[in-house]
1. Whenever you get a sec, compute what percent of the accessible area on the chain sits on carbon and sulfur atoms (1.4 Å probe).
2. Among Asn18, Ser79, Leu7, whose Cα projects farthest towards the positive end of the dipole of the range 1-145, with charges put on the beta-carbon of Lys, Arg (+1) and Asp, Glu (-1)?
3. Can you give the accessible area per residue of the range 208-252, in Å², using a 1.4 Å probe?
4. At a threshold of 8 angstrom on Cα-Cα distance, excluding pairs fewer than six apart, so keeping six or more, what relative contact order does the range 198-275 reach in percent?
5. Which three lengths, in whole Å and largest first, does the range 242-343 cover when its Cα atoms are put on their principal axes?
6. Could you state the number of Å between the C-alpha centres of the range 138-162 and the range 87-122?
7. Quick one: among Gly156, Gly356, Gly300, which has the greatest mean-square fluctuation in a GNM of the chain with alpha-carbon springs under 10 angstrom?
8. Using Cα pairs under 8 angstrom and six or more residues apart, how large is the relative contact order of the range 133-231, in percent?
Amino acid sequence: MNNKRILFATMPMDGHLNPLTGLAVHLQQVGHTVRWYTGPTYADKIKKLGITYYPYGKAQEINQLNMDTVLPERQKIKSSIARLRFDINNVFLLRAPEFVEDLLAIHEEFPFDLLICDVLFTGAPFIKQLLHIPVVAIGVVPLGETSKNLPPTGMGLEPAATMLGQLKHRFLRYMTINHLLKPCTDLYNKLLAQHGLPATKDFVFDAFIRQPDLYLQSGVPAFEYPRSDISPNVHFVGPMLPYSNGHKHPFKQVAEVEQYKRVVLVTQGTVERDPEKIIIPTLEAYKGDSETLVIATTGGSQTAELRARFPQKNLIIEDFIDFNAVMPYAHVYVTNGGYGGVMLAIQNNLPMVIAGVHEGKNEIAARVGYFKLGVNLKTETPKQEQVRQGVEQVLANETYRQQVRRMGLEFRQYNSNILATRAISTLLQRQQKVNDWAHELMQ
């Protein structure tokens with residue numbers, strides 16, 4: 001693959017941006033000109049990677065830091081489907097025209113040959129058609145394409161094991177596509193029409209997956225439900241994880257770990273700012289437990305307050321901890337189901353207790369439960385007893401650790417940067433042949 005001008009474009013959120021950083025650096029190291037467009041929150045991170053950064057111009061940045069301020073009505077929505085519909089429309093779809101305006105301006109200065117984006121970067125389908133530029137989308141969440149074998153995406157349901165269950169899921173697929181989330185598809189088509197582009201016949205989630213020339217799914221087939229119908233542009237490339245420069249950040253409290261029989265690692269990621277949901281129930285469940293050390297990472301939210309509230313010596317509370325450094329010492333990972341954290345847990349052979357519903361985390365939690373990689377509590381707000389029972393169940397049943405080891409072994413068979421680069425090269429070679437053929441016809 002000759003040197004290409006490649007623009008990365010991502011939603012301004014950790015889970016959408018971070019998994020693409022490793023691939024971006026790799027493509028730059030092998031000789032391509034790589035630049036990145038995303039929200040100003042991530043300007044320094046992109047620049048530190050040595051990649052030229054394009055800021056939002058027209059686009060409004062909405063992410064975990066300002067979401068509740070910009071969209072205060074969001075917190076009042078309790079239904080997971082209603083909140084999903086709200087998020088798709090307000091956080092993602094309505095930003096698409098803004099993204100398009102910015103990217104058209106960037107293309108004037110930097111005529112990129114390829115656009116690489118996260119699956120929910122909604123400007124990509126417009127740019128693909130307006131500029132006739134190939135698009136590679138990255139699946140930073142479990143594969144959400146509709147399948148006749150599966151329940152609809154967004155409900156956190158596992159595949160049905162009975163004929164009755166399959167009929168129920170068929171009905172739910174119909175209701176989701178034609179009623180519950182139809183307003184999202186309608187809005188998407190309205191925005192396409194405003195740009196003079198044809199409407200999609202697909203459900204909006206399916207359009208995001210099927211329209212890119214290439215869809216690279218983070219993860220492995222073994223962590224995806226069995227399905228007989230999958231689009232030909234979908235390729236599993238192994239866990240796509242944030243770029244690491246090789247510098248290790250060792251876990252400093254090893255001596256404390258050795259004093260306890262078991263270690264519980266708990267986090268809520270960076271989107272969820274309310275520690276009452278998972279962190280506090282976990283700390284409450286084990287405070288003062290002489291056999292259990294709890295390590296909590298807050299993402300920088302209320303760390304000092306939590307330390308004051310929970311001074312017990314068996315509790316370690318930090319803003320951030322290098323998961324690759326601490327996970328080898330842990331026995332159970334309590335999480336709300338961020339996809340990157342789950343990928344890291346599997347790589348580190350660490351079984352989970354998972355409590356997540358919103359932002360698509362119910363789909364991740366369902367897969368963890370289905371493949372017996374841990375316990376799915378099926379709630380956003382577990383009680384401390386639920387957390388304790390989940391942890392005890394994982395510790396008592398060796399199946400969870402065996403299953404996560406088996407999955408981790410498959411993860412290690414994939415080199416995501418090499419596989420992604422190979423697939424991208426094939427796409428661009430095919431595109432070049434089409435362009436050459438078209439040029440000959442014009443002669």
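The values are calculated or read from the model by the stated rules, or taken from the named source; none is laboratory data. Fair warning: this is a prediction, and the values are worked out from it, not measured in the lab. Positions of Cβ are generated from backbone atoms using ideal geometry, with glycine treated the same way; all protein chains shown enter the neighbour counts. For accessibility, only protein heavy atoms count, side chains too; no ligands or nucleic acids. Shrake-Rupley method; radii C 1.70, N 1.55, O 1.52, S 1.80 Å.
1. On the way: 10060 of 19600 Å².
Carbon plus sulfur share of accessible area: 51 percent.
2. Ser79
3. 49
4. Values: 39 pairs, mean separation 18.1, N = 78.
It rounds to 23 percent for the range 198-275.
5. 37, 30, 21
6. If we compute the Cα centre of each part, the gap is 26 Å.
7. Of Gly156, Gly356, Gly300, the most mobile in the Gaussian network model is Gly300.
8. Details: 97 pairs, mean separation 47.1, N = 99.
With pairs under 8 Å counted, the relative contact order is 48 percent.
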